[in-house]
Amino acid sequence: MQSPPQIIRHGLVLRPEEDSVDRKDILVIDGRIAEVGQPGMAAPPDAILVDASDQLIHPGLVNGHTHGHGHYSRGLTDDITLELILAAGPWFAGHRTHEDKYLSTAIGAAEMVLKGCTACYDMFMELPTPTLDGLTAAGQAYTDIGMRAVIAPMVADYPFFRAIPGLYEALPAPLQKEIDGSGAPGGEDILKRLAEIARAWPFAQDRIALAMGPTIPLLCTDAFMKGCVSIAREHGLMIQSHLSESKVQEIAAQRRYGMSLTAHLDRLDILGPDLSAAHGVWLGDEDMARLGDAGASVVLNTGSNMRLGSGLPHMRRLLDKGVNVGIGTDASSCSDNQNMYEAMRLAAYVSHVYDNDYRQWVSSQEAAQAATEGSAQALGMPNIGKVAAGYYADLVFLDLSWIHYMPLRNALNQFVQAEDSTGVLHVMIDGKWVVRERKLVNFDLAHLRPKVRAAIDRIDTLTATNRAVFRQMQPIVGTYCAGLACEAHHVHRFAGMPGRE
Ligand SMILES: [Zn+2]
């Protein structure tokens, strides 16, 4: 059923791509922005009036990288690196029912829309292997809350402990036995399943899109990586992979492939506009140029990189090399909220740490554009991320009477530097209200809480052994990988520790 047109009047409209903030009216018809015009512009007589006086309207933030399964693991640790989080997989993500997959995704989706984010790229992990029902449950959670999403089943066919050179051998025999007994499915089975999922995907691609998520190149054999990409290209799907996230990964790549991870993907003919690389912290200049030339995207997750000690991403250099840059939060298990305002601010601020030449800093305009249009490009959704005619009406209404805008001096700067989501008043997706007066319209959070509590109690019991195994591994994996990260490498992304480079 079509809803009547809406005319949004008297709002201050922020358009990062034009570096502009002006008072405009916005006409919304059938979920899309039909026109952005001068205040008082003509509108159809049956249009519903939305008074946006004293509100700053911005294109919905787009979270370029998160994990729907990760929200159950929020707050579990404060002492893990990326490699440790990978070793903790069975503890963090094991024993999930499809209901759990729905609930976990709903937690993140609810947080994102309440915090001004209208679309996300979700690398969703199911153990031991992806299922249509599990991914559908995740997609249903986004649908119920009213959010747009790209869901990429996160897959691998090469064991983590073998992918890091010498790590398996560093473990004592009983722990090696634990790992050997995990019984992960083979790559061919997973590819078969992914192809079936692509054929049977039940959602519209512009609302809940399917993508392919070969998780980390080191954790994929070449044949598997190419298999995932060929399914994506056959079905017109986007591809996301964690690329060059930690120094350990690049050191491992040099040993295994004799080249950087990006050069390895280039050799496999995987770089293209359909690829988004999550993180890209340890990309060298040549890698960045390769990605830029191929039209690929890099999605920065600065909060996660800081939390896991992965290093500081270099957005200025990525932009200089012509790479499309998006911004993400990463999982709630590692960064730890789903606040895109914070992710956007960190992406800008970290550039100030790299260089005290302010001309090299990432501007508010660049950060805002990356968190909207840049991420939208990574999602493969060209009709979101801007307040412009033809785009979906995915709009966030900030309260200009909120303390962040007192005094209102430069709305774009204050949007990036001061907003922390507490100014979010309303959120519209596809022209429909998803958040009104700071509350979810379609979803009862109070109802979610007891279900999540009961689920977590059940899962914590079932994963108690996995947790114990992880805690035995932690000092070995942690110190072994920290040792690898001491090796010399031509890219430098740790702050203030020259002795470790
Ligand atoms: Zn991630």
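The values are calculated or read from the model by the stated rules, or taken from the named source; none is laboratory data. Being a predicted model, the structure only gives us computed values, none of them experimental. Glycine gets a Cβ as well: all are built from the backbone with ideal geometry, and neighbour counts include every protein chain shown. Keep in mind that these areas ignore ligands, DNA and RNA; they rest on the heavy atoms of the full protein, side chains included. Shrake-Rupley method; radii C 1.70, N 1.55, O 1.52, S 1.80 Å.
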Q: Scan segment 72-81 for residues that are open to solvent by 10 Å² or more (accessible area, probe 1.4 Å) and either farther than 15 Å from Asp460 by Cβ or within 12 Å of the ligand (Cβ to nearest atom) (or both) and jot them down.
A: Asp78, Asp79, Thr81
Q) Only one of (1) outside any helix (DSSP H, G or I); (2) at pLDDT 95 or above is not met by Glu196, so which one is it? A) (1)
(Q) Being open to solvent by less than 10 Å² (accessible area, probe 1.4 Å) and small (Gly, Ala, Ser) is the filter here; which residues of segment 258-310 pass it? (A) Gly272, Ser276, Ala277, Ala278, Gly280, Gly284, Ala296, Ser297, Ser304, Ser310
Q | Selection from segment 257-310 of residues that are among the charged types (D, E, K, R), closer than 18 Å to Met212 by Cβ and within 16 Å of the ligand (Cβ to nearest atom) | A | none
(Q) For segment 311-327, give me the residue count where each residue is open to solvent by 10 Å² or more (accessible area, probe 1.4 Å) and either within 13 Å of the ligand (Cβ to nearest atom) or touching a strand residue (DSSP E or B) at 6+ places or on another chain (Cβ under 8 Å) (or both). (A) 2
Q: Among residues belonging to segment 330-369 that are assigned to a helix (DSSP H, G or I) and within 16 Å of the ligand (Cβ to nearest atom), point out the one that is surrounded by the most Cβ atoms within 10 Å (Cβ to Cβ).
A: Ala343
Q) What are the pairs, 6+ residues apart or on separate chains, where a residue within segment 40-64 that is farther than 17 Å from Asp394 by Cα has its Cβ under 8 Å from a residue that is surrounded by 14 or more Cβ atoms within 10 Å (Cβ to Cβ) and among the acidic types (Asp, Glu)? A) Gly40/Asp25; Met41/Asp25; Met41/Glu35; Ala43/Asp25; Asp54/Asp399
Q: Tell me which residues, restricted to segment 455-493, are β-branched (Val, Ile, Thr) and open to solvent by 40 Å² or more (accessible area, probe 1.4 Å).
A: Thr461, Thr465, Ile476, Thr479
Q: Starting from segment 240-251, take each residue that is within 10 Å of the ligand (Cβ to nearest atom) and list its partners that are part of a helix (DSSP H, G or I), counting only C-beta distances under 6 angstrom and pairs at least six apart or across chains.
A: Glu245/Leu82
Q | Candidate set: segment 53-71, residues that are part of a loop (DSSP other than H, G, I, E, B) and crowded, with 24+ Cβ neighbours inside 10 Å; chosen: the one farthest from the ligand (Cβ to nearest atom) | A | Gly60
(Q) Which count do you get for residues in segment 2-45 that are assigned to a helix (DSSP H, G or I) and open to solvent by 60 Å² or more (accessible area, probe 1.4 Å)? (A) 1
(Q) Need the failing condition index for His235 against (1) over 21 Å from the mean Cα position of the chain (by Cα); (2) buried (at least 23 other Cβ atoms within 10 Å of the Cβ); (3) under 25 Å from Trp201 (Cβ atoms), just the number. (A) (2)
Q) Taking segment 137-185 as the region of interest, how many residues are in contact (Cβ under 8 Å) with a residue 60 or more places away in the chain, among the small types (Gly, Ala, Ser) and not in a helix (DSSP H, G or I)? A) 6
**Q.** Residue under evaluation Ile179, criteria (1) β-branched (Val, Ile, Thr); (2) open to solvent by 10 Å² or more (accessible area, probe 1.4 Å); (3) touching an Asp or Glu at 6+ places or on another chain (Cβ under 9 Å), criterion not met
**A.** (3)
Q. Inside segment 385-417, can you point out the residues that are open to solvent by less than 10 Å² (accessible area, probe 1.4 Å) and over 17 Å from Tyr341 (Cα atoms)?
A. Val387, Ala393
(Q) Of the residues Pro185, Pro165, Pro172, only one is more than 22 Å from Gly64 (Cβ to Cβ) and in contact with a Ser or Thr (Cβ under 6 Å, 6 or more places away or on another chain); which? (A) Pro185
